[in-house]
Amino acid sequence: MSDHRIPPGQRHVTDFPVLDLGIHPDIHHENWQLRLFGLVAQEVVLDWEQLLAMPQVQRTSDFHCVTTWTRLDVPWEGVLARDVVNLAGPLAEARHVTLHSYDGYTTNVPLAALLDDDVLVAHTVDDAPLSVEHGGPVRLVLPKRYAWKSAKWLSGIEFHAEDRPGYWEVRGYHNEADPWKEERYS
């Protein structure tokens, strides 16, 4: 398939491959929480009901994995990440975030990256609740970056002034992860 939406070095897939660290945390709607902390005006802890009470949006986006596959037109549902971020009121010096997962995974992005219209704190994909394998009950979806930046089993967003490389970044993966620039490795 030739499609202008498939970045260089990627191939189109129609399934949804599963890649993770091999740990699937025992997190369900009843015990899931998202903590917003660090350089914020107010630390916030959201639970499942509070997340669902926020304005819900649907976004269709392409999903690019560093292992060279791309799935086009993935339908997601959740809350705009910027709406979640705004609950905590990041301080002016907050320029970066670390995304924390229930399996101990971390990844980093500039705070500005979370504020795009296509970035979601997602709970639904393909019109069904996120499965555990795909990061359910809640994951981040950051379509403009390789998928390792879209943290599964999202448990926290930590705001800080300096950049702090996460799990894959300290192991040689590119800090920015732009699929259009093939930023796979440092």
- Do we find that V84 is among the β-branched types (V, I, T), buried (at least 22 other Cβ atoms within 10 Å of the Cβ), more than 12 Å from the chain's Cα centre (by Cα) and over 18 Å from D178 (Cβ atoms) in this structure? yes
- Query: Any chance the stretch 82-98 includes a residue that's in contact with a Pro (Cβ under 7 Å, 6 or more places away or on another chain), more than 19 Å from V18 (Cβ to Cβ) and of a type in the set (K, R)?
  - Reply: yes
- Residues of the stretch 145-185 being among the small types (G, A, S) and closer than 22 Å to A81 by Cα, which ones? A147, S150, A151, S155, G156, A161, G166, A177
- Would you confirm whether any residue within the stretch 29-49 is in contact with a Lys or Arg (Cβ under 7 Å, 6 or more places away or on another chain), without any contact (Cβ under 8 Å) to a residue 60 or more places away in the chain and part of a strand (DSSP E or B)? yes
- Message: Anything in the stretch 51-75 that is hydrophobic (A, V, I, L, M, F, W, C), touching an Asp or Glu at 6+ places or on another chain (Cβ under 8 Å) and either without any contact (Cβ under 8 Å) to a residue 12 or more places away in the chain or part of a strand (DSSP E or B) (or both)? List them, or say none.
- Response: V57, L72, V74
- Query: Hey, among E49, E93, E30, which residue is surrounded by fewer than 12 Cβ atoms within 10 Å (Cβ to Cβ), within 19 Å of V132 (Cβ to Cβ) and modelled with pLDDT of 95 or more?
  - Reply: E30
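The values are calculated or read from the model by the stated rules, or taken from the named source; none is laboratory data. What you see is a predicted model, and the numbers here were worked out from it, not measured in a lab. We place every Cβ from the backbone using ideal geometry, glycine too, and count neighbours over all the protein chains shown.
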